[in-house]
1. Looking only at segment A:66-76, count how many residues are under 20 Å from the mean Cα position of the chain (by Cα) and either without any contact (Cβ under 8 Å) to a residue 60 or more places away in the chain or surrounded by fewer than 24 Cβ atoms within 10 Å (Cβ to Cβ) (or both).
2. Can you tell me which of A:Leu173, A:Leu140 is crowded, with 16+ Cβ neighbours inside 10 Å and under 30 Å from A:Ile88 (Cα atoms)?
3. Taking segment B:31-55 as the search range and keeping residues that are among the aliphatic types (A, V, I, L, M) and at pLDDT 95 or above, which one is farthest from B:Leu101 (Cα to Cα)?
4. Using the structure shown, decide if C:Ser200 is among the hydroxyl-bearing types (Ser, Thr, Tyr), in the same structural domain as C:Tyr279 (by TED's automatic domain parsing) and without any contact (Cβ under 8 Å) to a residue 12 or more places away in the chain.
5. Quick test for you: out of C:Phe128, C:Phe182, pick the one residue that is within 16 Å of the chain's Cα centre (by Cα), not charged (D, E, K, R) and not in a helix (DSSP H, G or I).
6. If we scan segment C:78-87, do we find a residue that is crowded, with 16+ Cβ neighbours inside 10 Å, modelled with pLDDT of 95 or more and more than 9 Å from chain B (Cβ to nearest Cβ)?
7. Name the one entry in A:Val290, A:Val298 that is modelled with pLDDT of 95 or more, touching a strand residue (DSSP E or B) at 6+ places or on another chain (Cβ under 7 Å), surrounded by 22 or more Cβ atoms within 10 Å (Cβ to Cβ) and within 26 Å of A:Gln164 (Cα to Cα).
8. Would you be able to tell me the number of residues in segment C:124-150 that are touching a helix residue (DSSP H, G or I) at 6+ places or on another chain (Cβ under 7 Å) and within 14 Å of chain B (Cβ to nearest Cβ)?
Amino acid sequence: MKTPKANNLKKTFSSLPLKWYYDEKQFQKELNKIWSHNWVYVCHESSLIDNLSYKTITISKQSILILKDKEGSFSAYLNTCKHRGSIILDNLQGKLKSNVLVCPYHQWSYNASDGSLLKTSSKPNDDFDKSKYGLKKIQLKIWNGLIFINLSSKKSFSVKKVFQYFDKTISKLDISKFELGFTWTKEVKCNWKIYWENYSECLHCPNIHPELSKLVPLYQRRLVDVKDVENWKILKKNSDPRFQGGLRKGADTWSSDGSSQGHYIKNLQEEIHTKGQIYISSWPSMFLGVYGDHIRVVRILPLLNDKIQLTAEWLFQNETLRDPKYDIKNVTDFGILVMKQDADACELNQKGVYNYNNEKGVLMPEEYIIKDFQDWLRRSIKLN
Amino acid sequence: MKTPKANNLKKTFSSLPLKWYYDEKQFQKELNKIWSHNWVYVCHESSLIDNLSYKTITISKQSILILKDKEGSFSAYLNTCKHRGSIILDNLQGKLKSNVLVCPYHQWSYNASDGSLLKTSSKPNDDFDKSKYGLKKIQLKIWNGLIFINLSSKKSFSVKKVFQYFDKTISKLDISKFELGFTWTKEVKCNWKIYWENYSECLHCPNIHPELSKLVPLYQRRLVDVKDVENWKILKKNSDPRFQGGLRKGADTWSSDGSSQGHYIKNLQEEIHTKGQIYISSWPSMFLGVYGDHIRVVRILPLLNDKIQLTAEWLFQNETLRDPKYDIKNVTDFGILVMKQDADACELNQKGVYNYNNEKGVLMPEEYIIKDFQDWLRRSIKLN
Amino acid sequence: MKTPKANNLKKTFSSLPLKWYYDEKQFQKELNKIWSHNWVYVCHESSLIDNLSYKTITISKQSILILKDKEGSFSAYLNTCKHRGSIILDNLQGKLKSNVLVCPYHQWSYNASDGSLLKTSSKPNDDFDKSKYGLKKIQLKIWNGLIFINLSSKKSFSVKKVFQYFDKTISKLDISKFELGFTWTKEVKCNWKIYWENYSECLHCPNIHPELSKLVPLYQRRLVDVKDVENWKILKKNSDPRFQGGLRKGADTWSSDGSSQGHYIKNLQEEIHTKGQIYISSWPSMFLGVYGDHIRVVRILPLLNDKIQLTAEWLFQNETLRDPKYDIKNVTDFGILVMKQDADACELNQKGVYNYNNEKGVLMPEEYIIKDFQDWLRRSIKLN
């Protein structure tokens, strides 16, 4: 479901050992080598609209705190007091009373803007250098309204590195101007890589997503791009929408009835009309889809070797959200339907991977994005 | 509860280290060395009576698919799609619509008879050799109506190796002609070896199984065989049924009231009358008991280092099942009572094994079958 | 909350690696090196008042049986039958029918007084030397009415070694004369060390324990001892009770309303009045507080790397328990309130410790007891 690079779609490749999808040691390695060195998506800026609002996320059990300070600047910290390790904020989201983070255990207080330690609750003493006990700062970068963090201090942010498949038409869009309309979350019993592999191909679409495949006729051919076969230029002359891309006749967006209720994303109306949807993705934690009248951002966080937390944000232009006639459920119900179908498929996949031999799967030519994902994974494990 | 080889019942032996009953590394070793190299019982043929019916079993988390094809032949496969590892059939049992196994994820289809890959859902391409992507076949052998599988491809099936204690009188019986009357399943919180050790001695009978010990008077002496003491020939002259073997006076079978409701297993009526019951067993996964009017087969599968799945099948002659006056509950209730008592005992045993020293138990002379079991276990771990 | 040695309260120290509070390998090491070599508290003698009464405790999953025999002598055993490892007694407490321990599995019977094997249920045989199969005896020591066990057979009991902070005024008290009035237990989701560290400082008192800090004004200064600052002698001349120690004006004991309902612990009335409370503690498993009219003993047992079992006993002079006007809830409600507050704080602490870097906390000067605790922990791991 991405706009891929040209590909001749002729080769198959060996997939990862099935053991990598459940082995605890492999999971720990990926936490250290992948999740601790890549940019991890947190949320859209409009999820933290008020100054002093915050969110926490956990990568496996490690908690990270992301906040907007009193002047509207964003920061991220390890959600761990420098004193004896207490969690500082124990909710998924909330709002600070002031620009000070106070540990609930011993009231050590930190400047929310830079994490510096303001005050301990101990008596003054000669030995203690406060400047050494600021909260562990975590890199944060906002790109186009999308907030990312990086547990490594050495990784710079570049669009080229952070987004694997980046449809440039998306540059016409100021995503930061969009606003959060709805959030949905779900735990899925699968390894995080299984979710990504599911996302990266449409071979499963006709059977797993019957409604979606009606909306996007190309998906009935199990393809993510009209160019994904050798003779695509000839085929595209066929008036059948399965060869042209885009949504079925009469449909404007990914919604239950296909209607966008008179709302269209400006600047990109023509491109979306042609393509049906535009995707960008950022391994290992997020992908974003632009549809006729909204954007959907999906965040993936690993909880256990066989469990993830899935979170979706629906973003809208503010005039859409303010239109009393616009029914947001037309869009969110459809997205949830598709995501539940994917979650079920991922859980089926997970159930089959356990084996005491060294079984491996195989990647078909249409799964060239999975091939890229696995190559990146292997590289990252070696590199970091 | 088996017909053992002659034994002088004089020696005691050191049992396994108690740690082996809960240690995760030991459990993984046993999955690899024992469960992956021995014949594992699935079910009686009559559990898969219709063509195209199937069952799945899991050895720890590894799922295996056993089916009867359109022409009535049986096959077993790793329940894992060769594509990206999805489970193929996600139910404990069911019926195929055709002789084709279709993966629910991407609709790869396989010939149910031989596992060969029939079709993928990908575009044709030069590179892909379908013949290399059949389902991983697993050895299957039906002996006398009993279906076994073996995860290793190198192990042959021989009655001598598969059944540790094999009462030859059972050869008079065509078990394949029997029919499934009832199935019962239960998870027991104990290591799989603890269940086997419980099965292999009757020292626990009087206290754990008061009802059974009334039915089988010999069990009141905590023995499984009348020959299990030095002077058994003299003792057997005693008219007391505790020294003669067989069921209590007036009882014909293992049932709540001892009655067999006028039904008797042909060919073996005399032997069963003398012995009370005839057992055969097959480590690590099954034992089978023949009683006056029925057979009970018990399957043991390991789930975790401290949990098993227990499944019992009751088999009957078909005239018994068709007799409207025959009350099957008379037999199944009694079997369930005894198995629940054993399950409770096994859970007590499990609770006591945890220790940080190198504690070991001791095997008493009457536990010569456990001794054999442990010797076999140690040998198998070294050998495989 | 102890009476510490003099301390200049000037230095800070690096705390343990946060990983030590959740890592499974570290937990196993501590079970082997700490919990298997130190005296572990069981209960007050009056918890086992009748002859033939018993208790079981588990250190992680290892079960230990402590009993009072028919003549009133105490013994402890590994709660594991020497035969094949069954648990002998499967309740937290109870009463034996006779001075014999009978395994519920095979009825091996043991002398409750010395653990010697009395009888097996096997036939007599030449090979079996009963004297080698007594229950594994565990060292037991009663000090002043407090029952301790030690899994190691090589450790002697000395007040100096067993109690880290021992207020000598407590020697005036015959704790063995006290009687159990109430017991309370709770599982807390934290590593056992986190609970000890919480106990060992009062920096958290004002915020976590508002009611307690009103009762003990010194705690408002986040100190456990009036001497815990350099100029304490001068400060103590201040009539403000925050500088003098002891309870708030008008309060006599740790209770909801501060009243001791006319009951006072003899011999120590003056000392308690001055100090407010007197503590002794015994790593890794117990601390004991003496208050105006009662004693509270808290036992800590590790269940998992992130879970403990907490048990509190309230002890009273027997005239107090027999006074129909004395309301025990005044005391127990207050203790439970404080312990629940600590449990919540410990769970917050646990949630923050997970990290994939090598983060460590820092100990403030007021946490000199934690420093001692951690030094002892590191020493014990090396030593044992």
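1. Qualifying residue count, segment A:66-76: 3.
2. Answer to the selection: A:Leu140.
3. B:Ile34
4. Against the criterion (among the hydroxyl-bearing types (Ser, Thr, Tyr), in the same structural domain as C:Tyr279 (by TED's automatic domain parsing) and without any contact (Cβ under 8 Å) to a residue 12 or more places away in the chain), C:Ser200 does not qualify.
5. Matching residue, one of C:Phe128, C:Phe182: C:Phe182.
6. no
7. A:Val290
8. 1
The values are calculated or read from the model by the stated rules, or taken from the named source; none is laboratory data. Since the model is a prediction, treat every value here as computed from it, not as a measurement. FYI the Cβ positions are ideal-geometry reconstructions off the backbone, even for glycines, and counts take in every protein chain you see.
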